[in-house]
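The values are calculated or read from the model by the stated rules, or taken from the named source; none is laboratory data. Keep in mind it's a predicted model, so treat the numbers as computed, not measured. Every residue, glycine among them, receives a Cβ derived from its backbone with ideal geometry; neighbour counts consider all protein chains shown. SASA here: full protein model, heavy atoms, side chains in, ligands and nucleic acids out. Shrake-Rupley method; radii C 1.70, N 1.55, O 1.52, S 1.80 Å.
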Amino acid sequence: MDKVQFEAQMKRYAQMTEAALVRFVPEQPELPEHILYEAMRYSLLAGGKRLRPVLVFAFCSLCGGNTETALPAACAIEMVHTYSLIHDDLPCMDNDDLRRGRPSSHKQFGEANALLAGDALLTKAFETVLACREAGAQESRTLQAAAILARAAGDHGMVAGQVLDLLNENRAITAEELIDLDAKKTGAMIRASAAMGCVLAGAAAEQKCAADAYAKALGLAFQIQDDLLDVAGDAALLGKPTGSDAQNDKRTYVALLGLEASRRAVADLTDQAKKALAPFGGKAAFLCMLADRMAARES
Ligand code: GRG
């Protein structure tokens, strides 16, 4: 697979996701509660990278499944991801005014509507993942996908990670603690994306294991790269060289490991992710290129 084919595949997966999201969460101008749908769509259709849906599709396809049957699962994980970003931006959490370059949900719709749009997206996600059955997936596989999503999103995964993040807000933490926090806060959802793709395709145990090793390494590389991008963004804003003390006062990999070691860790984890897919041979080219693309991303 060359770069052009890779980009075309990324675009196809993103377009499949966008088209289905619009169907799963339609505009409802005739309803008195239409603002709820406006707020859900405002955040859902705001141009994210769609990394999690891409992973669902790519693993489903790699394990011999039909991506159409995984389409509801791909949309469901994006709904959970979007809810988490809306709630993360709220004044009681990170209190961010901007998300993806435009006003965050509570700035646009008010705090109560943003909270409710997040709630509705989380519940919609479970209505949606169960639609894998109507899309042609076996019932047992559909239920397994729903269980994977529930476990990753809740107290075993993302919500637990967010609680750890809040608990650690004013305390120094070690790199190991940060790795554990991120494994829950962002890693769990990335692993769930790969796992849902595998399960919906009826993957064998070794395939699921290889997919999980890839997703685990990719998730950590993704988070470290996120920190590196934050530092680069701060430096650009402050007009200071990257790695200056002013940017190192946060609990990030860059602060804990340093700039060079963080860059090396992204490269090593990306390698590790690609090696995990060796059992799939050349068929895993797309996912290998995706790992490289994530490590080289600038946003
Ligand atoms: C509020 C329950 C609850 C959880 C929030 C995921 C999360 C937990 C907070 C997000 C905070 C954050 C910005 C973490 C950095 C890594 C990350 C998840 C970035 C956003 O994901 P991308 O880059 O976003 O996939 P796009 O915009 O591309 O969809």
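Please name which of PHE286, VAL266, PHE222 has its Cα lying farthest along the dipole of the chain towards the positive end, using unit charges on Cβ (Lys, Arg +1; Asp, Glu -1) and the Cα centre as origin.
PHE286
Quick one: pull the percent of accessible area on the stretch 138-203 belonging to carbon and sulfur, 1.4 Å probe, ligands and nucleic acids left out. Kindly include the intermediate steps, with their values, before the conclusion.
On the way: 1630 of 2920 Å².
After summing per-atom areas, the C and S share lands at 56 percent.
When ranked by the protection proxy of mean other Cβ atoms within 10 Å per residue, highest first, what sequence do the peptides 292-299, 209-216, 1-8 form?
On the way: 292-299: 13.6, 209-216: 21.9, 1-8: 11.6.
Taking the mean over residues of other Cβ atoms within 10 Å, the ranking is 209-216, 292-299, 1-8.
Using Cα springs under 10 Å in a Gaussian network model of the chain, which residue among LEU287, LEU122, LEU45 shows the largest mean-square fluctuation?
LEU45
As a test of the formula, what do you get for the chain when each DSSP H run with n ≥ 4 contributes -39,500 (n - 2.57) and the sum is divided by the residue count, at 222 nm and rounded to the nearest 500 deg cm²/dmol? List each step's numbers first, then the result.
Details: 14 runs with 207 residues, N = 299.
That comes out to -22500 deg cm²/dmol.
Which residue, ASN170, ALA194, LEU122, has the largest displacement toward the positive end of the dipole of the stretch 111-212 when charges sit on each Cβ (Lys, Arg +1; Asp, Glu -1)?
My answer, from the dipole projection, is ALA194.
Within 14 Å, Cβ to Cβ, of ASP271, how many net charges do the neighbouring residues add up to if Lys/Arg are +1 and Asp/Glu are -1? Don't skip to the end; give the middle numbers.
Values: positive: LYS216, ARG263, ARG264, LYS274, LYS275; negative: ASP268, ASP292.
Once all neighbours under 14 Å are counted, the net charge is +3.
Most mobile of ASP271, ASP94, ASP230 per a Gaussian network model of the chain (Cα springs, under 10 Å)?
ASP94
Using a 1.4 angstrom probe, figure out how much accessible area the chain has per residue, in square angstrom, rounded to the nearest whole.
On the way: 13890 Å² over 299 residues.
Solvent-accessible surface per residue comes out at 46 Å².
Assigning unit charges at the beta carbon (Lys, Arg +1; Asp, Glu -1) and nothing else, what dipole magnitude in debye, to the nearest 20, does the chain show about its Cα centre? Walk me through the numbers before you get to the answer.
Numbers: 32 positive and 39 negative charges, 195 e Å.
That gives a dipole near 940 debye.
Compute a Gaussian network model of the chain, connecting alpha carbons closer than 10 Å, and tell me which residue from GLU30, GLU139, GLU206 fluctuates the most.
Top of the fluctuation ranking is GLU30.
Rounded, prolate or oblate: which fits the chain when a ≥ b ≥ c are the square roots of the eigenvalues of the alpha-carbon gyration tensor, with rounded for a/c under 1.5 and prolate only if a/b beats b/c? Walk me through the numbers on the way to the answer.
Numbers: a/c = 1.66, a/b = 1.09, b/c = 1.52.
It is oblate, given that a/c is not under 1.5 and a/b is not larger than b/c.
Explain nothing, just the number: dipole magnitude of the stretch 26-155 about its Cα centre with +1 on each Lys and Arg Cβ and -1 on each Asp and Glu Cβ, in debye rounded to the nearest 20.
Taking the Cα centre of the stretch 26-155 as origin, the dipole is about 520 debye.
On a C-alpha basis, how far is the centre of the stretch 66-81 from the centre of the stretch 153-211 in Å? Whole number, if you could?
First find each Cα centre; the distance between them is then 18 Å.
Compare the peptides 77-85, 96-104 by average per-residue count of other Cβ atoms within 10 angstrom and give them in order, highest first. Write out the running numbers ahead of the final one.
Details: 77-85: 25.6, 96-104: 14.2.
So the order, starting with the most tightly packed, is 77-85, 96-104.
Please list 273-281, 156-164 highest first by mean number of surrounding beta-carbon atoms within 10 Å per residue. Spell out each step's value before the answer.
Working: 273-281: 16.8, 156-164: 18.4.
Output ranking for 273-281, 156-164: 156-164, 273-281.
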